[in-house]
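Derivation of every value follows stated rules applied to the coordinates shown; laboratory data play no part. The model shown is predicted, which means the values in this text are computed figures rather than measured ones.
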Amino acid sequence: MGEMKKEEAMKKEKGKEEWRKLSEKVIEGSSEWRKEHPKATLREIEEEINKQLSEMQARMITDIAQDSASAECETGENAAVCTECGADTHHPFI
């Protein structure tokens, strides 16, 4: 295996480990939040879970887009948009 392939493999494994840590953080954070909010409605639980997942989702999307040889910035109708406000981000990895 060439040096570049070894570096790529190590980088991918490190990325997967970071994803695992983020998912554990989401699980732990969600469980802790639930203990602190035992009477939360389904809607409140859903909002909290989505909030906690958004960091992991953003990281995974960024990592995958940066790793993709075909990642390119799109504009117009296919432009990346902010999930919070709907504004065009003008950035290919967000």
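Does the stretch 3-78 classify as rounded, prolate or oblate by the C-alpha gyration tensor (a ≥ b ≥ c root eigenvalues; a/c under 1.5 gives rounded; else a/b over b/c gives prolate, otherwise oblate)? Since a/c reaches 1.5 but b/c is at least a/b, the shape of the stretch 3-78 is classed as oblate.
Could you pull out the pairs from LYS14/LYS39; LYS21/LYS51; LYS14/LYS35 whose alpha carbons sit more than 28 Å apart here?
Numbers: LYS14/LYS39 38 Å; LYS21/LYS51 17 Å; LYS14/LYS35 32 Å.
From the list (LYS14/LYS39; LYS21/LYS51; LYS14/LYS35), the Cα-Cα distance tops 28 Å for LYS14/LYS39; LYS14/LYS35.
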